[in-house]
């Protein structure tokens with residue numbers, strides 16, 4: 001059996017032909033039918049170049065911009081990560097760190113100095129060679145006083161950037177960061193051309209990714225074509241790709257069933273099983289770090305009082321949300337953003353459950369027997385967000401909380417309510433390492449701190465854990481940070497959701513899919529192909 005496994009791997013990696021596979025397999029005692037079935041399955045998983053892919057995303061708004069510092073939804077992330085942008089490093093399907101534009105990197109013993117070596121001959125879509133100066137301009141785009149880039153906190157520790165020739169970039173940090181190469185996979189941090197004055201040119205949509213962005217109509221559609229001079233021949237199998245923004249779930253599903261598109265995300269979980277049984281449609285699920293949050297602005301009354309925030313957290317029936325909103329495609333959350341599969345997940349922290357008596361206790365601690373609150377809910381946050389808010393409204397009644405659900409339109413929801421309205425529905429796809437998630441959303445004063453929460457002890461631990469090379473000590477720090485968020489944080493995080501998406505029968509994809517983002521780590525353009 002070990003020999004047949006090796007034969008199958010050799011066929012999959014094209015080390016041997018199908019004919020040779022059959023010959024050696026028969027010699028090893030396998031049957032013709034078994035070998036033929038295996039060969040057919042392997043060849044269906046073998047990338048083929050050509051064709052036009054059409055994708056419908058349940059994201060996108062007319063207010064979207066492609067400034068890397070502000071992109072924030074699945075539509076624009078997908079255009080960037082696996083589309084027209086290139087990054088120094090990337091997350092491999094198994095969650096490990098892999099080289100990309102940088103073919104190698106190394107650090108000083110204290111992890112304060114990182115040296116990245118670029119591949120030779122990298123090319124932007126306009127024909128310009130990618131140089132170290134472009135990397136420096138791209139990182140600097142997120143630095144500087146008054147900068148509001150969401151990646152600002154990630155590169156804030158950078159104190160110096162310098163080029164050693166055209167292919168070497170040296171990054172100096174104010175303190176050690178063992179995860180810095182992971183940080184460079186963040187979708188906000190692509191490498192784009194430098195202007196003459198050293199700023200980054202994002203306005204012309206010139207990247208160095210495996211696809212050229214030929215047209216972009218915010219909130220409507222995008223068209224891309226394969227970059228002929230991309231550094232890797234093992235990605236970008238489609239000739240062209242079209243990405244549509246179709247927020248309406250029924251319209252998106254109908255487009256897949258009718259064959260108008262090959263791929264949809266955000267499948268309606270209520271009907272997911274039925275969709276998976278439709279001829280010509282395959283249902284795919286992956287579980288990673290995607291979580292749904294309910295941020296409460298901690299600088300706006302009554303949420304300035306942690307007792308009110310705790311009352312809300314105890315008033316949520318989390319299992320009911322997983323059962324009725326996720327239909328079992330997920331698991332309960334514990335009011336922090338670290339997924340159960342991550343390195344430093346706090347498995348010792350008591351799971352918060354629905355407890356109306358505890359909620360009433362915290363209301364009394366706040367000096368009241370009952371309270372009226374309002375939540376802004378929109379399907380732009382996640383499919384079923386309004387229904388989730390209504391379920392919370394019902395469970396909160398038993399806790400003395402009168403929750404008004406204010407349904408908001410999808411388009412403009414983020415611009416009008418995110419980090420503006422006191423209590424809303426939201427979501428996060430998570431980050432591959434804890435430091436990224438905490439630095440992006442929970443550090444005091446960062447641009448995407450959606451609850452405007454601040455905690456001195458948390459901030460101190462964040463800096464210390466980032467530089468700590470002792471894994472055991474680092475684990476203890478991240479455990480404590482999750483506990484602080486659970487007990488004092490500004491966001492209720494009641495559930496982690498699986499990514500559920502639908503693809504046509506003619507779409508080929510690798511056996512193992514990445515889970516760090518939806519649609520194979522948002523690299524579907526690069527990693528998938530058409531079998532027809």
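The values are calculated or read from the model by the stated rules, or taken from the named source; none is laboratory data. These figures come from a predicted structure and were not determined experimentally. No Cβ is skipped: glycine too gets one built from the backbone with ideal geometry, and neighbour counts run over all protein chains shown.
Looking across 282, 250, one residue alone is surrounded by fewer than 21 Cβ atoms within 10 Å (Cβ to Cβ), free of Cβ contacts under 8 Å to residues at least 24 places away in the same chain and either in a strand (DSSP E or B) or not assigned by TED's automatic domain parsing to the domain that holds residue 354 (or both). It is 250.
For segment 342-353, a residue qualifies if it is surrounded by fewer than 19 Cβ atoms within 10 Å (Cβ to Cβ) and closer than 16 Å to residue 392 by Cβ, and exactly one does: 353. For segment 139-151, which positions are in contact (Cβ under 8 Å) with a residue 40 or more places away in the chain and surrounded by fewer than 22 Cβ atoms within 10 Å (Cβ to Cβ)? The answer is 139, 140, 147, 148, 149, 150. If you filter segment 139-184 down to residues that are at pLDDT below 90 and in a helix (DSSP H, G or I), you find that the one that is nearest to residue 472 (Cα to Cα) is 154. Is it true that some residue in segment 479-494 is in contact with a helix residue (DSSP H, G or I) (Cβ under 7 Å, 6 or more places away or on another chain), on the phi > 0 side of the Ramachandran plot and not in a strand (DSSP E or B)? Checked segment 479-494: no residue is in contact with a helix residue (DSSP H, G or I) (Cβ under 7 Å, 6 or more places away or on another chain), on the phi > 0 side of the Ramachandran plot and not in a strand (DSSP E or B). Put simply, of 456, 464, 434 the only residue that is under 30 Å from residue 112 (Cα atoms) and buried (at least 21 other Cβ atoms within 10 Å of the Cβ) is 434. Within segment 459-469, not a single residue is assigned by TED's automatic domain parsing to the domain that holds residue 492, more than 20 Å from the chain's Cα centre (by Cα) and in a strand (DSSP E or B). Of everything in segment 289-341, what is surrounded by fewer than 20 Cβ atoms within 10 Å (Cβ to Cβ) and in a helix (DSSP H, G or I)? Give them in sequence order. Matches in segment 289-341: 306, 307, 319, 320, 323, 324. Residues that are over 25 Å from residue 179 (Cα atoms), touching a residue at least 40 places away in the same chain (Cβ under 8 Å) and touching a strand residue (DSSP E or B) at 6+ places or on another chain (Cβ under 9 Å): does segment 481-490 have at least one? Yes; the residues of segment 481-490 include at least one that is over 25 Å from residue 179 (Cα atoms), touching a residue at least 40 places away in the same chain (Cβ under 8 Å) and touching a strand residue (DSSP E or B) at 6+ places or on another chain (Cβ under 9 Å).
The requirement of being surrounded by fewer than 17 Cβ atoms within 10 Å (Cβ to Cβ) and in contact (Cβ under 8 Å) with a residue 24 or more places away in the chain is fulfilled nowhere in segment 96-107; no residue meets it.
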